[in-house]
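Have a look at the structure below, then the notes.
The values are calculated or read from the model by the stated rules, or taken from the named source; none is laboratory data. Predicted model, so just to flag it, every value in this text is computed and none were measured. Cβ: placed from backbone, ideal geometry, glycine included. Neighbour counts: every protein chain shown.
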Amino acid sequence: MNKDIITLAIETSCDETSCAVIKNGREVLSNIISSQIEIHRKFGGVVPEVASRKHIENINIIIQEALDDGGITFDDIDLIGVTQGPGLVGALLVGISSAKAIAYALNKPLIGVNHIEGHICANYIDHKDLEPPFTCLIVSGGHTYLVQAKDYTQYELVGRTRDDAAGEAFDKVARALGLSYPGGPLIDKLSKEGDPKAIDFPRVYLEHNSYDFSFSGLKTAVLNYLNQTKQKGEEIVVKDVAASFQQAVIEVLVEKTIKLAKEKKSKKIVMAGGVAANEGLRNLMKKRGGEENIEIFYPSRILCTDNAAMIGSAAYFNYIKGQVSDLHLNVVPNLELKG
């Protein structure tokens, strides 16, 4: 394609209202993110009804801000991308309703995007020369997947969490430690000060040759340790608990990812999702990647979190593959990553 393709993208899967303008799937002209963290912090987590109402209040303002920031008007847009799922149903509906209205009014193609695929595509924005195939670890508050990316829109799902997602475990342990929401970044920060070998928490690898994950047992082990330490009247060293817990999580994530990359003879590992911003995870993955001669990629921190730029990138690659939605597009809260 010789003509530049301009995508207007909308993301409202959870508690960020975001709109972005993307050129050719890799260049960000604007990426506006309105976070609701401060609103939900007092509840200790995202309240779906509150999130939906804030999306309704913000969406039109954020769309206009993205257009202004990108230096374009509606007339310059070639297609509209929007998160279809997975996510909170009410939140997703706000984004999809807006995207469908714009697509209808402009008579432009509409692309429903899988939020997980969006996280993967965030890497194409920061790494302009990155191309599939590669092994990919997606870790966030709601999802933990291990996939083999065969092409820009084709994936082999190899492993997934059987219970808590990695980010969910981080938040629950953080709450038990008396830390505020979101807990993942706080545990990562505390881990730099603590001793990762202070407490021997379990590493759960499941069955031989399994690429699935399980963090529920580890979370329970941390809670039991905290309760038993309190009952004994002993001091809880929060930074050591945080460091030991984080180490138990990231060792499993890294070893399974490295193992899959070696099995698939992949020389590239891509990380995606909110937990991909975790410094402990990044450092261990880079260390193991260096030992195995595997190149490691991950997005900048702002693109690890939920944002519309990654949705715009995914929409572009789906569009050039001819995968276009219609105006009957509906939300799918438990949308799976397609093969």
* Would you be able to tell me the number of residues in the range 262-274 that are touching a residue at least 12 places away in the same chain (Cβ under 8 Å) and either closer than 11 Å to Y211 by Cβ or not in a helix (DSSP H, G or I) (or both)? => 9
* Picking from L335, L303, L327, which residue would you name as being over 22 Å from the mean Cα position of the chain (by Cα), under 30 Å from Q64 (Cβ atoms) and not acidic (D, E)? -> L327
* Asked: Listed residues G44, G90; which is within 26 Å of D171 (Cα to Cα), assigned by TED's automatic domain parsing to the domain that holds H115 and part of a helix (DSSP H, G or I)?
  -> G90
* Asked: Is one or more of the residues making up the range 14-30 out of contact with any helix residue (DSSP H, G or I) (no Cβ under 8 Å at 6 or more places or on another chain), touching a residue at least 12 places away in the same chain (Cβ under 8 Å), farther than 20 Å from C304 by Cα and not in a loop (DSSP other than H, G, I, E, B)?
  -> no
* Asked: In the range 35-58, is there at least one residue being surrounded by 21 or more Cβ atoms within 10 Å (Cβ to Cβ), closer than 23 Å to F74 by Cβ and among the β-branched types (V, I, T)?
  -> no
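So that you can scan it fast, the table gives a plain yes or no per residue for (1) of a type in the set (S, T, N, Q); (2) touching a strand residue (DSSP E or B) at 6+ places or on another chain (Cβ under 7 Å); (3) assigned by TED's automatic domain parsing to the domain that holds E11:
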position	(1), (2), (3)
E263	no, no, no
S266	yes, yes, no
I269	no, yes, no
V275	no, yes, no
E279	no, no, no
R282	no, no, no
E291	no, no, no
A308	no, yes, yes
A315	no, yes, yes
* So which residues in the range 51-84 are among the small types (G, A, S) and either outside any helix (DSSP H, G or I) or farther than 12 Å from T7 by Cα (or both)? -> A51, S52, G71, G81
* All positions within the range 40-77 that are among the hydrophobic types (A, V, I, L, M, F, W, C) and under 19 Å from G142 (Cα atoms) -> F43, V46, V47, V50, A51
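Which one of these is surrounded by fewer than 21 Cβ atoms within 10 Å (Cβ to Cβ) and touching a residue at least 40 places away in the same chain (Cβ under 8 Å): L88, L110, L93?
Residue meeting the stated conditions: L93.
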* **The listed residue being more than 21 Å from G183 (Cα to Cα) and either at pLDDT below 95 or not aromatic (F, W, Y) (or both), out of K239, K232, K219** => K232
* Condition broken by D126, with the remaining ones in (1) surrounded by fewer than 22 Cβ atoms within 10 Å (Cβ to Cβ); (2) in the same structural domain as F213 (by TED's automatic domain parsing); (3) under 29 Å from L29 (Cβ atoms) satisfied -> (2)
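I'm trying to understand the selection: among the residues of the range 177-192, which are in a helix (DSSP H, G or I) and either among the β-branched types (V, I, T) or surrounded by fewer than 17 Cβ atoms within 10 Å (Cβ to Cβ) (or both)?
Selection gives I187, K189.
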* Select from the range 222-244 the residues that are within 18 Å of G167 (Cβ to Cβ) and surrounded by fewer than 18 Cβ atoms within 10 Å (Cβ to Cβ) and list them in ascending order. => L223
* Take the residues of the range 150-169 that are hydrophobic (A, V, I, L, M, F, W, C) and at pLDDT 95 or above: which is nearest to G25 (Cα to Cα)? -> L157
